Structures are given as structure tokens and as C-alpha cells.
Amino acid sequence: MRALATIEAEHRNMWRVTNALGVLADRLGDPRAAADRPTDLATVALIADYLESFTERFHHPKESDLLFTHIRRRSNEGAAIIDRLERDHEMSPHQVERIRDLARPAVVATEAAALATLVEEIGSFRHRLGEHMRLEEDVTFPLARQVLTAEDWAEVDAAFDAHVDPLGDPNAPAEIALLRARITQLLPAPEGLGGRSDVVVEKLAPRRAAAQGTLLAVSGLTCRYGRIEALHGVDIEIGTGELVALVGANGAGKTTLLRCISGVQPAAAGAIRYGGQDITRLRADARVRAGIAQVPEGRQVFGPMSIEDNLVMGAYTRPSGEIRTGLDEVYDLFPILRERRKLPAGTLSGGQQQMLAVGRAMMSRPKLLLLDEPSMGLAPLIVEEIFRIVKMLKEAGITILLVEQNARAALAVADHAYVLETGSVTLEGPGPELLKNDDVRRAYLGM
Ligand SMILES: Nc1ncnc2c1ncn2[C@@H]1O[C@H](COP(=O)(O)OP(=O)(O)OP(=O)(O)O)[C@@H](O)[C@H]1O
Ligand SMILES: [Mg+2]
């Protein structure tokens with residue numbers, strides 16, 4: 001069944017490539033980006049080349065000839081699904097060809113509607129491809145796991161073991177290397193294109209029930225920025241009182257997930273339940289009142305404002321009579337903030353500003369604290385201090401979702417952890433167990 005993991009990794013890579021196509025389509029449709037049009041069109045053509053060489057030389061033959069054939073033979077229900085998937089396989093080269101055609105500078109220059117058609121065609125291609133990949137992952141592969149025999153798998157796996165993705169191949173020819181560099185540059189954040197797709201990860205120990213029940217349950221959460229789908233059906237669960245870590249590379253969607261939970265970013269699909277209630281459509285300020293507070297990436301304290309005024313801002317959902325008590329609680333946690341309370345926040349060091357950002361969130365008396373990369377940009381000793389504070393907050397009974405690039409430190413303290421890769425959870429397990437996992441060590445800890 002290794003073949004299925006390979007295909008799923010290829011799918012993730014395919015999402016990255018088609019996201020790049022989406023970015024290009026947005027730019028091609030934007031008159032302000034007209035100066036970059038020739039380069040953008042050339043890049044669309046390059047991506048079309050990649051998709052063609054990938055699907056024809058690497059993907060379809062072994063999938064269609066082996067995996068699909070076996071499924072067809074072993075299941076009637078499977079045969080109908082395979083018909084549909086094969087139709088997609090037949091269609092997709094035509095669609096890619098059409099995209100390449102429309103992207104020719106001569107066509108764009110002479111046909112008024114060509115650009116709009118190209119943008120539309122790219123959108124439709126991405127949509128179909130997404131549906132195709134989901135049909136495979138959600139329906140076809142589970143079926144294959146049931147119906148294929150051990151001999152079937154031996155044959156299929158052997159074919160897939162010999163697989164190399166042209167875009168991820170270090171010995172790829174120069175034009176592929178150039179393509180890879182161009183696509184990587186296009187992605188709004190460094191996505192590690194292809195770099196992690198060879199790491200095939202699975203669920204570790206099944207999630208045990210939290211002792212005090214579930215506080216937050218995110219299910220099937222999808223989030224979009226325009227055409228770009230940043231989260232593709234994410235499921236996570238946090239038990240009351242737990243410290244849960246979320247790790248993943250740049251651009252994986254960690255911040256997006258936190259923003260969906262705190263309500264500043266709308267969910268396109270899926271549900272968020274908190275304390276047993278559906279809060280998916282609840283406004284952000286109502287979520288703060290309900291006890292969800294976010295400490296944003298990059299701290300975002302207001303430098304010219306005094307430390308105390310920064311803290312007071314965090315209490316906007318509380319009656320004014322409670323603000324004094326709130327301040328005292330935060331000052332007890334972070335005495336340095338009391339000492340300097342009249343000074344502008346900008347005079348604090350990076351670590352102290354992080355304390356201020358945490359203190360500001362604490363002013364709303366949260367039950368669930370969402371921490372976005374609190375150790376970012378801090379010196380090692382200060383990082384230790386920040387992790388000490390996180391542990392202290394947990395001991396004080398606050399439930400914490402901790403996003404970290406510092407995977408080693410985060411996993412070491414986490415009750416449970418999730419690995420997010422380009423918008424999907426690819427691995428979960430108890431923090432220390434993940435820390436021992438070879439795939440995680442290779443991908444996130446550089447070991
Ligand atoms: N406002 C936005 N508009 C369009 N795309 C966005 C926006 N914010 C994020 N994205 C895209 O969504 C994806 C996920 O981004 P996100 O910031 O959630 O990742 P992250 O895991 O927090 O990354 P980092 O480690 O860099 O903080 C990326 O591809 C990113 O480029
Ligand atoms: Mg982020």
C-alpha cells in the first residue's frame with residue numbers, strides 16, 4: 001500500500017504547483033500587473049510543460065495500468081469510479097494543452113478575450129484536478145485498501161517505488177531546475193516546493209480522549225484566499241487543559257488555521273466547535289468573549305503606546321471595573337511589565353514584547369490561548385524563557401494551541417501535536433512521540 005502514500009505525496013506537490021498557477025491567473029487578470037505579463041505567460045507555459053511531463057511520463061501509466069486495473073478487476077463499484085477517474089485523465093492533457101495555447105503571447109496580443117479565457121481555463125483546471133484528487137483520496141484509495149490482494153499490492157508498490165518526481169529530482173535537467181526556481185519564487189511564501197513531498201507521513205498512535213473532554217474540535221476546515229485554498233479540510237481536536245502544538249513549514253497554513261479559529265478569517269467549509277457549541281459563523285469579538293484569545297504572529301504590540309495601554313486594549317470585551325484586576329494578574333505573571341508600565345512598548349526587548357503580547361491576550365481571561373510562533377526571532381535563552389511561560393500558563397489551567405517553527409521545543413512540551421503540510425494535517429501524535437519519528441526529524445528538525 002506504499003503506492004497510495006506516494007500518490008498522496010504527489011497530490012500535495014500538485015497542489016503547490018497548481019496554487020502557483022492560481023497566483024499567475026490572478027496576476028494575469030490584474031491590470032496593475034500588466035508589466036509582468038510576458039514573464040507570467042512564459043511561466044504558465046512552463047508549468048504546463050511540467051504538468052504534461054509529470055502526468056504522461058510519471059503518473060498516469062503506472063496508476064492507470066496497474067492500480068486502476070486491479071481495482072476494476074476486484075470491485076464493481078470500483079469500476080464505475082475508475083471510469084470517472086480515467087475520463088479525467090483523458091481530459092486533463094487537453095486542458096493543459098489549451099492553457100498552453102491560450103498563454104502564447106501572440107494569442108494574448110491578438111485576441112481580446114484570450115486573457116479572460118485563460119484565467120477561466122486555469123480556474124476550471126484547478127477545480128477539476130482538486131475534485132479528481134479528492135475522489136482518489138477519499139473514495140478510491142480506501143476501496144483499494146479493502147479489495148486489492150497482497151499480490152496486487154506487491155506489483156503496484158514495486159512500480160511506484162521506482163518513482164521520481166521530475167520537479168523534485170536533484171539530477172533533473174537544467175530546464176526543470178529553472179522551472180522549479182520560477183515556481184518557487186511565485187509562491188507567496190517559501191513553500192519548500194517538492195522538498196517535503198518525498199516525506200510520507202502517517203498517523204501515529206490514535207488520539208486518546210482528553211481527560212476533561214474536548215474544548216475545541218475543528219473538522220473538515222477549508223479556508224481560501226481568493227483562488228488559493230490555504231487549508232484543505234483540516235481536522236484537529238484540543239482537550240480542555242491540553243497544550244497542543246501545531247508545526248509545519250513556512251506557508252503550511254498554521255497562521256491561517258489560528259485566524260479561522262479566532263474568527264478573523266472566515267471558513268469556506270467545515271466546522272469549528274468550542275465548548276460543545278458551533279462557533280463557525282460567530283463573530284471574532286463574540287469568540288473573545290467566549291474565551292478564545294490569539295497572540296498574533298510577530299507580536300504586533302503598539303510601540304509608541306505605553307505598556308499599560310497595550311494591555312488595556314486586550315480587555316476590550318471586559319467590563320471596565322475588571323480592568324484593574326486584570327492588569328494586576330498580568331503584572332504578577334510578568335513583573336517586568338509592571339516595572340515599566342508607563343514606558344512606550346517599543347522600548348521593550350523582543351522577549352519582553354512577546355510577554356506583553358501574551359499579557360494582552362491574557363487580559364481577556366481566555367480559556368483557549370492561540371499562540372502564533374512566540375519564539376520567532378528570539379535568542380536561545382529567551383526562547384527557553386518563552387517556553388517556560390507557556391508551560392506556566394498550561395499549569396494555570398489554560399488550554400493552549402501553540403504554533404511553532406521551533407518544532408523540537410514545541411513537541412517536547414506538547415501533550416499532542418499536529419504536523420501541517422501545505423494545508424493538510426499529515427501527521428499527529430503525542431508530542432514526544434512525534435519528536436522520535438524519523439520523518440518528522442528529517443523534515444522539521446534537520447536531523
Ligand atoms: N492574505 C493572504 N492572501 C493570499 N494568500 C495568503 C494570505 N495569507 C496567507 N496566504 C497564503 O496561504 C498559505 C498559508 O499561509 P499561512 O500564513 O497560514 O502559513 P504559515 O504556516 O503561518 O506560514 P509561516 O510559517 O510563514 O508563518 C500560503 O500559501 C500563503 O501564501
Ligand atoms: Mg504563520
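The values are calculated or read from the model by the stated rules, or taken from the named source; none is laboratory data. Bear in mind the structure is a predicted one, so any value in this text is a computation, not a measurement. With ideal geometry, Cβ positions are generated from the backbone for all residues, glycine too; neighbour counts draw on all protein chains shown.
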Selected residue (only one of LEU393, LEU420, LEU411 is under 22 Å from the mean Cα position of the chain (by Cα), assigned by TED's automatic domain parsing to the domain that holds GLU297 and closer than 19 Å to VAL295 by Cβ): LEU420
For LEU370, state whether it is within 13 Å of ligand 1 (Cβ to nearest atom) and either touching a Lys or Arg at 6+ places or on another chain (Cβ under 9 Å) or closer than 27 Å to ARG289 by Cβ (or both). yes
Is it true that GLY314 is surrounded by fewer than 23 Cβ atoms within 10 Å (Cβ to Cβ) and of a type outside the set (Val, Ile, Thr)? no
Could you grab me the full set of residues in the range 124-151 that are within 18 Å of VAL23 (Cβ to Cβ) and at pLDDT 90 or above? SER124, PHE125
Filter result for LEU282 (more than 16 Å from ligand 2 (Cβ to nearest atom), of a type outside the set (Val, Ile, Thr) and touching an Asp or Glu at 6+ places or on another chain (Cβ under 7 Å)): no
How do the helices (runs of 4 or more DSSP H) wholly within the range 99-157 filter down when requiring 2 or more residues that are more than 30 Å from THR69 (Cα to Cα) and over 27 Å from the mean Cα position of the chain (by Cα): which remain? 105-110, 114-135
Filter result for the condition that a residue is in the same structural domain as LEU246 (by TED's automatic domain parsing), buried (at least 17 other Cβ atoms within 10 Å of the Cβ) and closer than 30 Å to ILE228 by Cα, over LEU356, LEU427: LEU427
How about the range 61-80: which of its residues are among the polar types (S, T, N, Q) and over 11 Å from ALA144 (Cβ atoms)? SER64, THR69, ASN76
Considering each of ASP49, ASP26, ASP36, ASP40 in turn, give the residue that is touching a helix residue (DSSP H, G or I) at 6+ places or on another chain (Cβ under 6 Å) and assigned to a helix (DSSP H, G or I). ASP40
From the residues in the range 115-130 that are in contact (Cβ under 8 Å) with a residue 12 or more places away in the chain and of a type outside the set (A, V, I, L, M), which one is farthest from ASP101 (Cα to Cα)? GLY130
Answer yes or no as to whether ASP438 is charged (D, E, K, R), closer than 26 Å to VAL288 by Cβ and away from ligand 1 (no atom under 13 Å from the Cβ). no
Considering only the range 330-429, give the helices (runs of 4 or more DSSP H) lying wholly within it that have at least 3 residues that are without any contact (Cβ under 8 Å) to a residue 40 or more places away in the chain, under 19 Å from GLU242 (Cβ atoms) and away from ligand 2 (no atom under 16 Å from the Cβ). 380-395
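Results for (1) assigned by TED's automatic domain parsing to the domain that holds ALA35; (2) buried (at least 18 other Cβ atoms within 10 Å of the Cβ); (3) more than 20 Å from ILE47 (Cβ to Cβ); (4) of a type in the set (Ser, Thr, Tyr), shown as yes or no for each residue.
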position	(1), (2), (3), (4)
PHE68	yes, yes, yes, no
ILE71	yes, yes, yes, no
ALA113	yes, no, yes, no
THR117	yes, no, no, yes
